[in-house]
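The values are calculated or read from the model by the stated rules, or taken from the named source; none is laboratory data. The structure displayed is predicted, hence computed values, not measured ones. Quick reminder, even Gly has a Cβ in these numbers, built from the backbone with ideal geometry, and neighbours come from all protein chains shown.
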Amino acid sequence: MTRFQSLVLIAAVLNRASIAASQSQPAAAAPWTHKEAKVAADSSRAADSTNYEMSAVAAFWGDASFMRECAPPNSPVAAPFDIYVEILPSGRIGRSLFLPETKVAKCVKDHTVGRTFPARANAFVLYIALSFKP
């Protein structure tokens, strides 16, 4: 398995255990603090089916080819970071938080900021704990 394939697999596995739905966050809210994002994700993680979770993960990563730019195969192993993405009922991204704000985290954010997701009745908070293998 290549490093790139490992990254995508790790993200999918970690994400499966760390997705949440949130109905309490307004669409035009101020930027999140880490605590607020975590509370939003944790407070309603059991409130949604895994079907939406899986489609949200797929929409977030797309073909993930941008990861070759963000974490090139021969570069040092990147530090892990957390990703919180508020998916609005329209399927557009509301707020997002990538912590810590590393060069790789910024690159991933830059490549995913315009993603669209399947529309739904309420907001959904996607949490991904991304880590990298040597």
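Give the residues of the range 105-130 that are free of Cβ contacts under 8 Å to residues at least 60 places away in the same chain and over 17 Å from Asp63 (Cα atoms), sorted by residue number. Answer for the range 105-130, where residues must be free of Cβ contacts under 8 Å to residues at least 60 places away in the same chain and over 17 Å from Asp63 (Cα atoms): Ala105, Lys106, Ala119, Ala121. Among residues of the range 88-134 being more than 30 Å from Ser75 (Cβ to Cβ) and touching a Leu at 6+ places or on another chain (Cβ under 6 Å), the one that is modelled with the highest pLDDT is Gly94.
Selection within the range 94-115: residues that are within 14 Å of the chain's Cα centre (by Cα) and among the basic types (Lys, Arg). The member of this set that is surrounded by the fewest Cβ atoms within 10 Å (Cβ to Cβ) is Lys106. Filter the range 116-129 for residues that are crowded, with 21+ Cβ neighbours inside 10 Å and in contact with a Phe, Trp or Tyr (Cβ under 9 Å, 6 or more places away or on another chain) and give the result. Scanning the range 116-129 gives Phe117, Phe124, Val125, Leu126, Tyr127, Ile128. Only a single criterion out of (1) closer than 23 Å to Tyr52 by Cβ; (2) out of contact with any Ser or Thr (no Cβ under 7 Å at 6 or more places or on another chain) is not satisfied by Val125, namely (2). Any residue that is more than 19 Å from Thr112 (Cβ to Cβ) and either in contact with a Lys or Arg (Cβ under 6 Å, 6 or more places away or on another chain) or at pLDDT 50 or above (or both) - is there at least one of those in the range 64-73? Checking the range 64-73: at least one residue is more than 19 Å from Thr112 (Cβ to Cβ) and either in contact with a Lys or Arg (Cβ under 6 Å, 6 or more places away or on another chain) or at pLDDT 50 or above (or both).
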